[in-house]
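S.K.: One structure coming up, written as structure tokens, with questions to follow.
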Amino acid sequence: MRLSFRKTILIVILLALVPMLLTQAYFINRVDRTAREQVASYAAITSAQIEENFNNIFRSISYSAVYLAENSMTKKYLSVNDPLETYQTQQYLGELFRTVASLEPYLLNAILVDNAGEPIYMYDNNYRTFNAIAEGGWLERSYGNGPEFFLVNTPNQTFPVCVVPVHSGTNVQIGSILIPMNLAEATRSFQDIDSKGQVELYFLGPDNVVISSNTDAQLPQSTEGYTYIEHQLQNSAFRVVCRINDAKVAEDFTFFQTSSLLTAGVMVLLLIAVGLLFNRLIANPIGSLISEVNEIGRDPEKKSISGGYGVQLDPLVQRINRMLENVSALTQEVLENQKKAYTHELMKRESDLYALRNQINPHFLFNTLQSMSGIAMLHGEREVCELAAGMAGLFYYALKGGDTVEVKEELGMLRQYLEIMGTRLQGKFTWSVDVPDSMLDIVIPKMLLQPLVENAMSHGIEKRVDQTGGLLSFVGREQEEYLFFTVEDNGCLSEQALRQLQNILEDEENLYRESRAKNGIGLANIQYRVKILYGSDCGLTVSKDQGLTRFTLKLRSALPPLPQLSS
């Protein structure tokens, strides 16, 4: 038997009431046991989290101390006697200590002492901290080779200190690194975990000395009525103690148990009221709406639904009518989109054919130049043979696949180009290439160096009024992690052209527009490629001094991964 919409709603309401009442009864029965289990779980999680935090803090400080102790400049500073060398080493040591301090938030200070216990360098020159450490008697203690922590406990200050000995190259101790812990930062997590006074946290040192706590009370000896958990920190005499008030944690569950009964009663009344209201405002109008929708399915002439279903359903009626009105329009749009997609596919195939045809022409030129070189050699035309062979080599280099090459490959093409230009200009200029052997195997993007020389020839050497005496030099140098390629010429680049070129290379908007406007490998294109691949600190600069125009290309020694176009 098929139920009406109204009866279905009433059955759903009854089915919702029965599981809710059964669930409430079962939940109330479980509250007491759950409260006790929750207290134990809460205590375990809280103490484990605090233990892990402090283990990480101790580990982080130990790593920082070992790093400073094993640094060659630290050892050198302890053993050097020359004043100038001491000063230079101290500058580096300052940078080293500042770097470690900036990366280690739990570091209160970093102190380098000699074997006599005298401080010879400290990060922030805070002698109060060192005096407290000295007063704590750290020098009288014995330490191993690894990082060890001890407690400074004076009337004014209490904090842990990490000690790491500094050894010379012959494994003789020449000093120590002391790093006191920043307690304010290390115990910040206490306040994050505490809530409503339920949790008392204690950070204890040797002999149960309370180093820090989130309460003013001293650590009590009695554990009655409390969950008491203790964790020994790794490789140290320090402990974390967590004391949780069982009664306060259970208060929330006791309140929840009472409120659950009230909530259940209110929910029953609300569901009944909602059911009656829903039946009147929704169920009856929905039944009528369903009947009219069925009529639209049976009658093709009926194109819309009449209104009058109340403010609750009128928006739905309006959207159904709009949906019906849009069906034919959407169908027509689908047909048009299919037509556009078909047209786009045809255009793409034509574009692919055009690109393939354009690729054939350079290969034809390459083969033709090789043939010309062979014919010239047979007829004894040496210069024509070399010129054709050089041009063929340039075409072959441009056509072969790959986005990256070694510097020596790029230099080979550059020399071919200069030899061709030398043959063409017949003694109007002299050129030189000076690149050290250590740079020859470094990988760089393809077609970066030759365009620099070609630009110098086109806009400098070839436009000289004096047709002789042209000079062009190409120099490569490696400095630290950077490569520098410099092209110098005594051409006739004007000051106005120089400023215009500088503006294009230095202005991001102009650079992008120029690189997109000129299809090729001009200076703007080179600058744009370098900025994208290597970052803003690399790129091309141009200057002029004493009649020489200088183009300098700065790259990193390590080539980043080249971006790939998605398929």
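The values are calculated or read from the model by the stated rules, or taken from the named source; none is laboratory data. On a predicted model such as this, the values are computed, not experimentally measured, just so you know. For neighbour counting, all protein chains shown are included, and Cβ atoms are generated from backbone atoms with ideal geometry for every residue, glycine included. Side chains are part of the model used for accessible areas, which takes the heavy atoms of the whole protein and leaves out ligands, DNA and RNA. Shrake-Rupley method; radii C 1.70, N 1.55, O 1.52, S 1.80 Å.
S.K.: Quick one: which residues, 5+ away or cross-chain, put their amide H under 5 Å from the amide H of Gly117? H built at 1.01 Å from N.
M.R.: Here nothing satisfies the definition.
S.K.: Continuing with this model, one more query. Evaluate the charge dipole of region 19-88 about its Cα centre and quote only its size in Debye, nearest 20, assuming +1 on the Cβ of each Lys and Arg and -1 on the Cβ of each Asp and Glu.
M.R.: Details: 6 positive and 7 negative charges, 63 e Å.
Rounded to the nearest 20 debye, it is 300 debye.
S.K.: Can you tell me the length gained on complete extension of the stretch Ser142 to Val268, counting 0.36 nm per residue apart and subtracting the Cα distance? Please list the in-between numbers first.
M.R.: Numbers: separation 126, 0.36 × 126 = 45.36 nm, distance 7.32 nm.
Residue separation times 0.36 nm, minus the Cα-Cα distance, leaves 38.0 nm.
S.K.: Could you calculate the FRET efficiency of Glu185 with Asn115 from 1/(1 + (r/R0)^6), where r is the beta carbon distance between them and R0 is 30 Å, rounded to 0.05? Please report the intermediate quantities before stating the final value.
M.R.: On the way: r = 31 Å, r/R0 = 1.03.
Once rounded, the FRET efficiency stands at 0.45.
S.K.: Also: Taking only the Cα atoms of region 65-183, how large is their convex hull per residue, in Å³?
M.R.: 96 Å³
S.K.: In what sequence, highest mean first, do 165-171, 528-534 appear when ranked by Cβ atoms within 10 angstrom?
M.R.: Working: 165-171: 13.0, 528-534: 18.4.
Per-residue mean Cβ counts within 10 Å order the peptides as 528-534, 165-171.
S.K.: Evaluate the charge dipole of region 396-496 about its Cα centre and quote only its size in Debye, nearest 20, assuming +1 on the Cβ of each Lys and Arg and -1 on the Cβ of each Asp and Glu. Display every interim value, and only then the final one.
M.R.: Values: 9 positive and 17 negative charges, 111 e Å.
Magnitude of the dipole: close to 540 debye.
S.K.: Compare the peptides 481-490, 205-214 by average per-residue count of other Cβ atoms within 10 angstrom and give them in order, highest first. All intermediate terms of the calculation are to be shown ahead of the outcome.
M.R.: Working: 481-490: 18.9, 205-214: 15.0.
Descending packing order for the listed peptides: 481-490, 205-214.
S.K.: Stretch Glu52-Val475 to full length: gain in nm at 0.36 nm per residue minus the Cα-Cα span? Intermediate values should be presented prior to the final figure.
M.R.: Values: separation 423, 0.36 × 423 = 152.28 nm, distance 5.66 nm.
Full extension from Glu52 to Val475 adds 146.6 nm.
S.K.: Further, regarding this structure: If each residue of separation counts as 0.36 nm, what is the full-extension length gain between Ser494 and Asn131 once their alpha-carbon separation is subtracted?
M.R.: Gain in length upon complete extension: 123.9 nm.
S.K.: Take Glu70 and Val172, extend 7 Å from each Cα along the Cα→Cβ direction, and tell me the distance between the two endpoints in nm.
M.R.: So the label points at Glu70 and Val172 sit 2.3 nm apart.
S.K.: So, for region 13-86, what is the accessible surface per residue at a probe of 1.4 Å, expressed in square angstrom? Write out the running numbers ahead of the final one.
M.R.: Details: 4280 Å² over 74 residues.
Result: 58 Å² per residue.
S.K.: Pick out, from Ser438, Gly476, Leu425, the residue whose Cα sits farthest towards the positive end of the charge dipole of region 404-516, with +1 on the Cβ of Lys and Arg and -1 on the Cβ of Asp and Glu.
M.R.: Leu425
S.K.: Let me ask you something else. For a quick check: with amide H placed at 1.01 Å from N, whose amide H comes under 5 Å from Arg556's, ignoring anything fewer than 5 positions away on the same chain?
M.R.: Leu483
S.K.: In nm, to one decimal, how far is the Tyr482 label point from the Ile532 one, both placed 7 Å along Cα→Cβ?
M.R.: Result for the modelled spin labels: 2.3 nm.
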